[in-house]
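Some notes on the structure that comes next.
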Amino acid sequence: MIKQNVVIDKGKAFAIRIIRMYQWLSKEKREFVLSKQCLRSGTSIGANLYEGVSGQSTADFIARLHIALKEANETTYWLELMKETDYITPEMYESINTDCVELIKLITSIIITTKQNNNYK
């Protein structure tokens, strides 16, 4: 079991928001393609963070965080597409995207700090 960790908690909370958004979009808007892609990338962030924390080495940890970062960036793309095609409102987009951007900043900071603290290149 992984002890309390802010980025892990935020990743999980974000995944739950993405799941709820997917449920709403598939039920209310009958949208399955864009929302499924967003579901995959949005829930993958937390999974990779969780896996990274239990990594075997610093290199493994950093690699998992890089994957989580890529998934977060992909999620912003799907969110933008859903906003620009009116599947989600600008307010919905702003709310959930703010959480995604926060994760991106946290993950980026952790990667940089870990590399600096471990003289990792």
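Which peptide among 106-115, 25-34 comes first, and what is the full order, when sorted by highest mean count of other Cβ atoms within 10 Å?
106-115, 25-34
Say the dipole of the chain comes from +1 at the beta carbon of Lys and Arg and -1 at that of Asp and Glu; which of T76, F61, C38 then lies farthest toward its positive end?
So the residue we want is F61.
Around I104, under 13 Å between beta carbons, what's the net of Lys plus Arg minus Asp minus Glu among the other residues?
Details: positive: K10, K70, K105; negative: E71, E74, D99, E102.
Within the 13 Å Cβ shell, the charges total -1.
Which of the aspartates and glutamates could a cross-linker bridge to K12, judged by Cα under 12 Å and excluding same-chain residues fewer than eight apart?
Answer for K12, where 12 Å is the Cα cut-off: D99, listed by chain and number.
None of the figures in this text is laboratory data; all of them are computed from the coordinates on show. Source: prediction; values computed, not measured. Reconstructed Cβ throughout: ideal geometry from the backbone, glycine too, with neighbour counts over all protein chains shown.
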